[in-house]
Amino acid sequence: MTARRASLMVTCLGDLFFPEVGVSIVRLLRKLGVAVDVPADQTCCGLPLFNSGYRGDAAAVARRTVALFKESEYVVVPSGSCAWMVKHEYPGLMADTAVGPEARELAARTHELSQFLVRVLGATEFTAAVPGRVTYHDSCHLLRGLHESESPRMLLGKLRGAELVPLPGADECCGFGGSFAVRLPEVSSQILAKKLANVESTGAGCLVACDAGCLMQMNGGLKRAKSRVRALHLAELLDGGR
Amino acid sequence: MSDAELTTPFRQRAGSAMKDEFLQEALTIATTKFIGLRREAFAGFPEGEALRDRARAIKEATLQHLDRHLETLIANVERLGGHVHFATTPAEARSIVVDIARRTGARMAVKAKSMATEEIHLNEALEAAGVTPVETDLGEYIIQLAHERPSHIIAPAIHKTKGQVAELFTRELKRPAEPDPEALTRIARAELREKFLQADLGITGANFAVADTGTVVLVTNEGNGRMVTSLPRVHVAVMGVEKVVPSFTDLMVFLAILAKSATGQKLSVYTSLVQGPRRAGELEGPEEFHLVLLDGGRIAQIGGPLREALSCLRCGACLNVCPVYRQIGGHAYGYTYPGPIGILLTAMLEGAPAVRDLAHASSLCGACVDACPVRIDIPRMLIELRREVDDEKLAPWTERVAFALLTKLLQNPRLYRFAAKAGRVLQRPFARDGRISRLPLPFGEWTRTRDLPPVASRTFQERWASDKDLRA
């Protein structure tokens, strides 16, 4: 199945902190013959509000998002957690409102990037060469919320020049958890320290994830420790490993 | 935990726990072991997934008609010659047990491991009434000697290393003890054997109670449960009302997954089925049998937001996999039930204000849902509790203002773009080589241990708006 047109939901973290990930996704999709658009005035999916219990506020933000992507054929999201929010929580948040049906439709049309590439487009061969060892961290929402552990690994496994090595405890949380990271910074940091010790044990020079939240947390720890390991988004590797 | 300790904020309690090297060592070893054992047990058990679904369905169906199943249970326990008591509150439950002890002239009570009796603080009440409680589960025995409370639902002394237990035995039992688990168990066994023979009262919890036969089911590994239910003159079982299951067929479903989830065993070493007091012609068993049914906030949740938590089997699997529990252990939570499920149970038993901070003691990673034998959606209910805390205005005002501002910002793209620009200006003094290593509070909570990426010089949407190449 070939999608002709897809809209990028860049997400707040992607927009503000990781614009290069969005650029990589645009290039990737275009190479696969998909026309990409970016509906203007995007902010955030509302997950930070939702997770902290501000349900009404989250619903208000979510309603905006539903309206922005109303015309989209497919919506592609670089973060598993934001994709999960749209797919899993939007329908319930707006169930009893006029936009309930639209929220359900958006949920069905929305895909996390690796799932969109593998499960919608059927694109698994990326020839961009990334030298050296890479390892993959399962983001919690992508793994346990969207039940996806295979697509990113399949894509990385086929990357020419790259050697995918398993990460011990790959399915364990990195300690980000949104506001959790600043509400209980000591606990969050200790969880992170254990994750990064596992990363270092693989000898990989590149740590890959499919969630901007995890990348912010893990890169923050790696840079503070002056590690030689870089944490990158999957899209950056598929697009040439910059 | 004492009230004095609870006045220490949760974050500080967690911080102290993470500085305790013994606790850290013990926690890592034990939880890692439990995770591996559980995984292996289910890997070799292909029907496990379907049984988990079935178990959950039985729990849901039983809750739907809990009154009826409890009536059946009561009728059958009484038919077997037992007595049934109903306690609305922990205080009522305590006084029921203390009255039984008084009436039967009990001086010493031996106890099997029971979270329900921990929940109602039974030991203190017994002591006040002049009855000596003796914990006979090895882990419970250790923490009773140490004057502590359980830090894990099934492994109460999980926070202690064998070296610490040896020191404790040497000090409290006044006999030299080596840090060897087998030798330590032998010492405890010898001490406890005397108590079993002296005790007048045996107190247990119940993992299940089968309604249509009036059977109380105890799942144990040390055999102490059998001694407690068969040697003393009187046996009292205390159980939460949600522990009733309709039939033996249902019971089998739970037994097939409980031990695998808890310890990775196919079955626990002992599965004891207790049916009322000793009957004519029987050689062992108590003269009197009492079943205390405990509400304590459970019944209100049958129609409440925490209903799912009433399906909990108390296996402890969610504790072992929880990244937060694995760092801080059970005591830091501050209440009887620790870990992710413990936060929900604390809210159920003590009310939502008690978990104002605990509701946030989770990264919502969902590992607990995957490990739970009945797939309780703990993160969903934690978010629900956070909502209640927000709605009741129990959250600090600074936080409520911050989230109100965030909502405004995310609803208004012009404001959002302005914030990005403002961020770029404000971060200038802190950004070096494409990273921020130090920021004032509240962002300083992040940068104390982690770098932060600066707001990009051009956001993705700014690039999309201005770069023709990108749009083409």
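Each part reduced to its alpha carbon centroid, the range A:213-234 and the range B:192-235 end up 53 Å apart. Within the listed set A:SER139, A:SER24, A:SER114, the residue fluctuating most in the Gaussian network model of chain A (springs between alpha-carbon atoms under 10 angstrom) is A:SER24. For the pair B:PHE86 and B:LEU426, a Förster radius of 51 Å applied to the C-beta separation gives a FRET efficiency near 0.25, rounded to the nearest 0.05.
Taking the Cβ of B:VAL110 as the center, what net charge do the other residues with Cβ under 10 Å away carry, scoring Lys and Arg +1 and Asp and Glu -1? Net of charged neighbours comes to 0.
Could you compute the FRET efficiency for B:SER466 and B:ASP370, with r as their C-beta to C-beta distance and R0 at 41 Å, rounded to 0.05? After rounding to 0.05, the efficiency reads 0.40.
If Lys and Arg each add +1 and Asp and Glu each add -1, what is the summed charge of the other residues whose beta carbon sits under 10 Å from the beta carbon of B:GLU399?
On the way: positive: A:ARG183, B:ARG400; negative: B:ASP390.
Around B:GLU399, the charge tally is +1.
With the simple model of a label 7 Å out from the Cα in the direction of the Cβ, B:ARG107 to B:GLU178 spans 3.7 nm. Using a 4.7 Å Cβ-Cβ cutoff, the cysteines of chain B lacking any partner cysteine are B:CYS312, B:CYS315, B:CYS322, B:CYS372. Straight-line cross-link partners of A:LYS226 among the lysines, defined as a Cα under 22 Å from its Cα and at least 8 positions apart when in the same chain: A:LYS194, A:LYS195.
Backbone N atoms of the range B:374-394 closer than 13 Å to the 7 Å Cα→Cβ label point of B:ILE302 are not found in any residue.
Distance from the C-alpha centroid of the range A:84-111 to that of the range B:130-182: 52 Å, rounded to the whole angstrom.
Please work out the Cα center distance from the range A:139-172 to the range B:336-361, rounded to the nearest Å. Each part's Cα centre sits 34 Å from the other's. Extending 7 Å from the Cα toward the beta-carbon at both B:GLN265 and B:GLN12 defines two label points whose distance is 4.1 nm. Here's the list of lysines a cross-link from B:LYS421 could span, going by alpha-carbon distance under 17 Å and ignoring same-chain residues fewer than 8 apart: B:LYS408.
Note on B:THR398 and B:GLU194: the model spin-label points, each 7 Å out from Cα along the C-beta direction, lie 5.6 nm apart.
Under DSSP H, which helices of chain B have Cα atoms covering 18 Å or more of the helix axis and a Kyte-Doolittle average no less than 0.5? Provide the component values of the computation, followed by the final result.
Values: long enough: B:21-43 (33 Å, 0.29); B:48-64 (24 Å, -0.78); B:66-79 (19 Å, -0.36); B:90-103 (20 Å, -0.01); B:181-198 (26 Å, -0.53); B:248-262 (21 Å, 1.61); B:378-391 (19 Å, -0.46); B:397-411 (21 Å, 0.54); B:413-426 (19 Å, -0.05).
Passing helices, by number: B:248-262, B:397-411.
Candidate cross-link partners of B:LYS59 among the aspartates and glutamates, defined by an alpha-carbon separation under 20 Å and a same-chain spacing of 8 or more, comprise B:GLU47, B:GLU49, B:ASP67, B:GLU71, B:ASP212, B:GLU242, B:ASP250, B:ASP295, B:GLU308, B:ASP370, B:ASP377. Under a Gaussian network description of chain A, with springs only between Cα atoms under 10 Å, the residue in A:ARG153, A:ARG27, A:ARG55 that fluctuates furthest is A:ARG55.
How high is the FRET efficiency from B:GLU167 to A:ALA35, r the C-beta distance, R0 60 Å, rounded to 0.05? Kindly include the intermediate steps, with their values, before the conclusion.
Details: r = 71 Å, r/R0 = 1.18.
Efficiency computed from Cβ-Cβ geometry: 0.25.
Which net charge results when you count Lys and Arg as +1 and Asp and Glu as -1 among the other residues whose beta-carbon is under 9 Å from that of B:PRO156?
Values: positive: B:LYS113, B:ARG149; negative: B:GLU118, B:GLU135, B:ASP137, B:GLU140, B:GLU148.
Every neighbour counted, the sum reads -3.
The helix-based estimate of mean residue ellipticity at 222 nm for chain B, built from -39,500 (n - 2.57) per DSSP H run of four or more residues and divided by its residue count, is -15000 deg cm²/dmol to the nearest 500.
How large is the dipole of the protein assembly as shown about the Cα centre if only Lys and Arg carry +1 and Asp and Glu carry -1, each at its Cβ, rounded to the nearest 20 debye? Could the numbers behind the result be given before it?
On the way: 88 positive and 81 negative charges, 502 e Å.
Computed about the Cα centre, the dipole is about 2420 debye.
Only the coordinates and a few stated rules stand behind these numbers; no lab work does. Everything quoted here is computed from the prediction, not taken from an experiment. Using ideal geometry, Cβ is built from the backbone for each residue, glycine included, and neighbour counts are taken over all protein chains shown.
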